[in-house]
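Read through the structure below, which is laid out as structure tokens, and then see the notes.
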Amino acid sequence: MVGLKPSEVPTTTAVKFLGAGTAACFADLLTFPLDTAKVRLQIQGENQATQVARTVQYRGVLGTILTMVRTEGPCSPYNGLVAGLQRQMSFASIRIGLYDSVKQFYTPKGSDHSSIATRILAGCTTGAMAVACAQPTDVVKVRFQASIHLGPGSNRKYRGTMDAYRTITREEGLRGLWKGTLPNITRNAIVNCAEMVTYDIIKEKLLDHHLLTDNFPCHFVSAFGAGFCATVVASPVDVVKTRYMNSPPGQYRSPLDCMLKMVAQEGSTAFYKGFTPSFLRLGAWNVMMFITYEQLKRALMKVQMLRESPF
């Protein structure tokens, strides 16, 4: 057995909620540079990019990170980390921590197993709920990741995370913090379904057919499969979401307008810009998050049982 043994009592919703947010933050700390590289590659080639952005060209995941470190400093791949962690504590706690509870809610009484349709519906529900709560943090995160600062003389639009919230609200209104909500809901409904449902099904099949036991190797295989499926199906929506959320007021009339302009100017391959860092990030993120999440659930339940024990 690798790691802690599964709890003998069902994991509570509170433990799942706290465990999911904490595990997601840990995964973000380790994979955030890959996410920043993905954002830079996705917005590269936009027609109305600044002169500075046009002079900096990114090639590949490692090349993007190295270019950022060379031109903007060693901390640049972690631009927006604070907003990213804020996002995960609210976002992942809901979409991952509440998934099992919502799945049980949709499962007909008396049924031993949830159907694929029920799992997809649960994934869409928690994904949409999470976006509704965490959208402002996502907007700020993307703005920080997309901003280019070439040395101390360059203009820095936001002095910090809280200043970013205030500046966006002042310049664009409250709607600015909710910019891109529709493509983000679409993207995260797809990602959540791909991640949670794929992880759920792969893990269930591995256990049912006794191919693996409920431990580290099982969680690793399930999480890797979930990350790959999520990247393939969500990449087009993710590119549109990133560009629309990062765009200045008036550049695009709507997410649909953003998509149409992108196809007209750059072709359909633009939908998969940044695919490699997206996969590296989502694959690594899912592996780290789900493995940490499974162990945290068991550790937190063990602590809870010890606290409730009379001895």
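The values are calculated or read from the model by the stated rules, or taken from the named source; none is laboratory data. This one's a predicted model, so the numbers in the text were calculated from it and none came from an experiment. Cβ placement follows ideal geometry from the backbone for every residue including glycine, while neighbour counts extend to all protein chains displayed. Ligands, DNA and RNA are stripped out before the accessible areas are found, and what is left, the full protein with its side chains, is counted by its heavy atoms. Shrake-Rupley method; radii C 1.70, N 1.55, O 1.52, S 1.80 Å.
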Fill in the blank from the handout: Whole-percent carbon and sulfur contribution to the accessible surface of the chain (1.4 Å, no ligands, DNA or RNA) stands at 66
Fill in the blank from the handout: Cross-link reach from LYS103 to aspartates and glutamates, straight Cα distance under 16 Å and at least 8 residues apart if same chain, gives ASP112, GLU195, ASP200, GLU204
Problem - Cα centroid of the range 16-32 to Cα centroid of the range 196-243, whole Å - result: 16
Handout entry: Rg in Å to one decimal, and Dmax rounded to a whole Å, for the range 191-273 via C-alpha atoms
Key = 18.0, 56
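Can you give the alpha-carbon Rg of the range 74-182 over 2.2 N^0.38 Å, where N counts its residues? Kindly include the intermediate steps, with their values, before the conclusion.
Details: Rg = 18.3 Å, N = 109, 2.2 N^0.38 = 13.1 Å.
In units of the globular-protein estimate, the range 74-182 measures up at 1.40.
Need the full-extension length gain, LEU211 to ARG159, defined as separation in residues times 0.36 nm minus the C-alpha distance. One decimal, nm.
Length gained between LEU211 and ARG159: 13.5 nm.
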Problem - Where LEU29, LEU62 fall by accessible area, highest first, once all protein chains stay in place (1.4 Å) - result: LEU62, LEU29
Practice task
With label points built 7 Å along Cα→Cβ from the Cα atoms of ALA14 and ALA117, find their separation and express it in nm.
Solution key: 3.6
Handout entry: Å³ per residue enclosed by the Cα convex hull of the chain
Key = 157
Handout entry: ASP100 accessible area, assembled protein chains, probe 1.4 Å, Å²
Key = 40
Handout entry: Interchain or long-range residues, amide H under 5 Å from LYS273's placed H
Key = none
Fill in the blank from the handout: Heavy-atom accessible area per residue of the range 19-143, all protein chains kept, 1.4 Å probe, expressed in Å², is 42
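Rounded to the nearest whole Å², what accessible area per residue is found for the range 193-310 with the 1.4 Å probe? All intermediate terms of the calculation are to be shown ahead of the outcome.
Numbers: 5330 Å² over 118 residues.
Ligands and nucleic acids excluded, the result is 45 Å² per residue.
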Exercise for the section: Calculate the spin-label point distance for VAL263 paired with MET305, positioning each point 7 Å from the Cα along the beta-carbon direction, and give it in nanometres. Expected result: 5.4
Handout entry: aspartates and glutamates with Cα under 14 Å of LYS302, excluding same-chain neighbours fewer than 8 positions away
Key = GLU8, GLU294
Problem - Cross-link partners of LYS179 among lysines (Cα-Cα below 19 Å; sequence separation of 8 or more within a chain) - result: LYS141, LYS157, LYS241, LYS261
Fill in the blank from the handout: Note: the range 165-311, point scatterers on Cα, Debye, no solvent; log10 I/I(0) at q = 0.12 Å⁻¹ equals -0.67
Problem - Hypothetical label at ARG59: residues of the range 277-297 whose amide nitrogen lies under 20 Å (7 Å Cα-Cβ projection) - result: 277-278
